[in-house]
Structure formats: C-alpha cells, structure tokens
Amino acid sequence: MEIHENYSLKGLNTFGIDVKARRVVCLEGSTKEDPLRFRHDVDALLKGEYLKLSYLVIGEGSNIVFTKDYEGTIVKVGERGVRGDDDGRYSYLTVGARMLTDEVVRISVENRYYGMENLSAIPGEIGAAVVQNVGAYGVELKDLVETVEAVDLQSGRWCTLKAGDCAFGYRMSLFKQQAGRWLIWQVKLRFNKTYAPIVTYKALADELQRRGIGSASQQQVRDVITELRWSKLPRPEEHGSAGSFFKNPVVEEAVAQRLKEAYPDMPLYPGNKLSAGWLIDRAGWKGRTLGAAGVWPKQALVLYNTGSCTGAEVVALARAIQQDVEQKFGVRLEPEAIIV
Ligand SMILES: Cc1cc2nc3c(=O)[nH]c(=O)nc-3n(C[C@H](O)[C@H](O)[C@H](O)COP(=O)(O)OP(=O)(O)OC[C@H]3O[C@@H](n4cnc5c(N)ncnc54)[C@H](O)[C@@H]3O)c2cc1C
C-alpha cells in the first residue's frame, strides 16, 4: 500500500478544494500475479495505526465537500477487476469498487447487458455509487445491485450483503447511514437479458422525440443521456462541483398541494417529491455567486467553484439558499453532497 503524509486533497475531490489530509492510504488492487494483494493491504490497514484517528474511505471525491484540513486518514480502495457471468435468467457483472461507474455502464452496453444505460456519465466509482445509491433518468443503482462485498472496519469481518440488507433509499444506503463502518471492495450487478428501455423520464423522452428516435437502442439511450448531462452540468475538468448539491425534497401531501395551488407551474413528482432545482431557481439563486462559490447558471441544483473557492464558501452559499427556500416555500433543503 502507498502512504502519503500531509497530502493535498485538491486533486482528490471534484470541487477542487485545496485542503490537506494528515495521511492518505491507497490500498493496492489485486493482480493475476498477486491475487491476495488487496486482502493483505486491508489486513495491514486494520492492524496499523491508520484507523485510530478519524478516517474516511473515498472514491473520486465527486460527492464530497471538504471544509477544512482532514486530521485523520483518507483511505482509497484499489480493486478494479471486472468479471461477467450468467445464470440463464440474468447476466451479472462483478466489479471492483475502484471501477468508474461510467466504465461499468460502457462495459454493460458493449455486452448487451441491459438496465444500467440510464446511469451513463455519472462521475465517480462504483463502490461509492452504492453508498449514495446514485440515480438518474428514472433508474437507481439499487435496481441492479445483487450483492455488495464489504469489510466491516469496526470488527474486521469480510461480509457479503444482499441488496435487501443494504437499506437502499433515495440517495441513501446502509453504508451511508453507518458512515465510517464499511469499506466496499466489490459489487455484483444484475442485468436483464431482454431490452426494456426506461425512457419515460421527461427530459429524456423529449430529447429522443426531438431527435426523431422512436425506439431507442441501448447505445442511443447512453449517448443521448451523456450529451444531455454535459449540456447542463459543469464538466469536472472545467469547473469544480459535486453535481446536485441538494436532494429533491419529499414533503407531506398537504404541503405539496398548498405549493401546487400557489405555484401551478411547479414540478411535482410521484410521492410528493419537489424539484430542488426549481425551488432554488424561483428563490432567485440561479447564476448567483457568494464569495467564490456559485450556483450553476444552467442547473440551479448544482453549486460550483468559480475559481479557488473554499469549502466554507460552499457551505455559506448552501446555507443562504436553504434559508431563502425555507422562507419562501416553507421547505427545508437537505444536502445530497457529504460535507466533511
Ligand atoms: C458533475 C456531476 C454530476 C453528478 N451527477 C449525479 C447524478 O446524476 N446522480 C447521482 O446520484 N449522483 C451524481 N453525482 C454525484 C456523484 O458522482 C456520485 O455520488 C458518485 O457515486 C460519487 O462517487 P465518488 O467515487 O466520487 O465518491 P466520493 O465522493 O469519493 O464518496 C462518496 C461517499 O461514498 C463513500 N465511499 C466512497 N468509496 C467508498 C468505498 N469503496 N467504500 C465505502 N464508502 C465509500 C465516501 O466516504 C462518501 O461518503 C454527480 C457529481 C458530479 C460532480
């Protein structure tokens, strides 16, 4: 394993926030020559001093806002292999946690394993995607998870969790609820063998119609979603961000109805889910900045780094937005991004 002391995290978070960690430990992935390499590194991690102070397992840092130097150990997981199999009913991919989510989607599309194409172009690693139960265009990762292989860092046990044991919810999972306890190292995903695209999500349906695509192939769904996403979101290499900063709030039926009467053009999704982006926009924040943190002009749900912003500036902007939205609509926005 590789160990860096007093290490800058600027390149390890997509917001590009310049803080340091007391220590960064990179666990090596297994190789053909050394299939137990990862296990040995985890053993060394558990036996060493590394987890005595605070610690945090991270992926690509695309959903984290660091607000200060991290006085503990940042752990990065090395496993990235991929293996396919089939039980006649479904196809499966077993992937190392370090694999990029979009890379897994690409492999699934190339092999005509169906069901993950709507998650195209989500930044970050598949291990973290499980933690967040990432979702986009009408699909959530939980719809594909068969099992999750994780190390319980508190007991040192290696566990296989079935999807039903992972407490998946909207951008939520057991691993997020019990933050700090689990190190995910491998995920088994289940894919359909027959193609039944999910293209009812409005922005996707509209775009397919605009392009005159009647029955979209899996590759077309992937391509259209990728283009749609990058037409609205800041590219990590150009502007730092963590994607959607807030969750879409789910409110009581009475609140949803009151707001719909007051604002007939307000989007309202099944389950009384509101659009956080619409609320922020209507509260007047789209395109505005506070310090060096800003609200992305094409998508109000995204806070971004206008240059060299600090985590404290991002949090100050988020608080100002929360206050205004709560005052105007009586709805509390909760961050989707993890603030450290
Ligand atoms: C431009 C942009 C667009 C985005 N679009 C979407 C979107 O459409 N839908 C969506 O859901 N998200 C979206 N996101 C958010 C983000 O991409 C996802 O949450 C992603 O899964 C985070 O992956 P990561 O590797 O960067 O994780 P990190 O940000 O590094 O970590 C996220 C969380 O997972 C934990 N973690 C990471 N790896 C492990 C592991 N191996 N074991 C245990 N815990 C771990 C961390 O401790 C942290 O709590 C977007 C982000 C950006 C920047």
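The values are calculated or read from the model by the stated rules, or taken from the named source; none is laboratory data. Just so it is clear, the model here is predicted, and its values are computed rather than measured. Don't worry about glycine lacking a Cβ; one is built from the backbone with ideal geometry, like all the others, and counts go over all protein chains shown. Note: accessible area is taken over every heavy atom of the protein model, side chains too, but ligands, DNA and RNA are not part of it. Shrake-Rupley method; radii C 1.70, N 1.55, O 1.52, S 1.80 Å.
Observations
- Residue, least open to solvent (accessible area, probe 1.4 Å), within segment 200-222, restricted to residues that are closer than 22 Å to residue 106 by Cβ and basic (Lys, Arg): 222
- Selected residue (criterion: surrounded by the fewest Cβ atoms within 10 Å (Cβ to Cβ)) from residues of segment 245-286 that are out of contact with any Lys or Arg (no Cβ under 9 Å at 6 or more places or on another chain) and within 22 Å of residue 339 (Cα to Cα): 275
- The residue list 20, 10, 68 contains one member that is more than 15 Å from the ligand (Cβ to nearest atom) and out of contact with any Leu (no Cβ under 9 Å at 6 or more places or on another chain), which is 68.
- Among the strands (runs of 3 or more DSSP E) confined to segment 229-319, the ones with at least 2 residues that are polar (S, T, N, Q) are located at 241-244.
- Candidate set: segment 139-158, residues that are within 13 Å of residue 188 (Cα to Cα) and open to solvent by less than 40 Å² (accessible area, probe 1.4 Å); chosen: the one nearest to the chain's Cα centre (by Cα): 141
- When segment 292-320 is filtered for residues that are in contact with a Leu (Cβ under 7 Å, 6 or more places away or on another chain) and farther than 15 Å from residue 242 by Cα, the ones remaining, listed by number, are 316, 320.
- Near pairs, Cβ below 8 angstrom, 6+ apart or cross-chain, from segment 1-28 (under 17 Å from residue 52 (Cα atoms)) to any residue that is among the β-branched types (Val, Ile, Thr) and open to solvent by 10 Å² or more (accessible area, probe 1.4 Å): 23/3; 24/3; 25/3; 26/3
- Check on residue 296, in contact with a Ser or Thr (Cβ under 9 Å, 6 or more places away or on another chain), among the aromatic types (Phe, Trp, Tyr) and surrounded by 17 or more Cβ atoms within 10 Å (Cβ to Cβ): yes
- Options 110, 60, 117: the member that is closer than 23 Å to residue 227 by Cβ and without any contact (Cβ under 8 Å) to a residue 12 or more places away in the chain: 110
- Test: residue in segment 192-199 that is of a type outside the set (Phe, Trp, Tyr), outside any loop (DSSP other than H, G, I, E, B) and crowded, with 19+ Cβ neighbours inside 10 Å: no
- Within segment 83-105, the set of residues being of a type in the set (A, V, I, L, M, F, W, C), under 19 Å from the mean Cα position of the chain (by Cα) and open to solvent by less than 70 Å² (accessible area, probe 1.4 Å) comprises 95, 97, 99, 104, 105.
- The residue pairs whose first member lies in segment 83-96 and is more than 16 Å from residue 148 (Cα to Cα), whose second member is open to solvent by 60 Å² or more (accessible area, probe 1.4 Å) and among the aliphatic types (A, V, I, L, M), and whose beta carbons are closer than 7 Å, counting only pairs six or more residues apart or on different chains, do not exist in this structure.
- Test: residue 108 is buried (at least 18 other Cβ atoms within 10 Å of the Cβ) and within 13 Å of the ligand (Cβ to nearest atom): no
- Segment 223-244 - residue that is more than 17 Å from the chain's Cα centre (by Cα), of a type outside the set (D, E, K, R) and open to solvent by 30 Å² or more (accessible area, probe 1.4 Å) and, of those, nearest to the ligand (Cβ to nearest atom): 239
- Residues of segment 44-78 that are open to solvent by 60 Å² or more (accessible area, probe 1.4 Å) and assigned to a helix (DSSP H, G or I): 47 alone.
- Filter result for residue 10 (open to solvent by 40 Å² or more (accessible area, probe 1.4 Å), under 26 Å from the mean Cα position of the chain (by Cα), over 25 Å from residue 101 (Cβ atoms) and of a type in the set (D, E, K, R)): no
- The condition (being under 27 Å from residue 191 (Cα atoms), within 16 Å of the ligand (Cβ to nearest atom), outside any strand (DSSP E or B) and of a type in the set (Lys, Arg)) is satisfied by just one residue among 39, 98, 89: 98.
- Residue 136 vs. criteria open to solvent by less than 10 Å² (accessible area, probe 1.4 Å), in contact (Cβ under 8 Å) with a residue 40 or more places away in the chain and within 12 Å of the ligand (Cβ to nearest atom): no
- If you go through segment 162-191 and keep only what is part of a helix (DSSP H, G or I) and either in contact with a Cys (Cβ under 6 Å, 6 or more places away or on another chain) or surrounded by 17 or more Cβ atoms within 10 Å (Cβ to Cβ) (or both), you end up with 163, 174, 175, 176.
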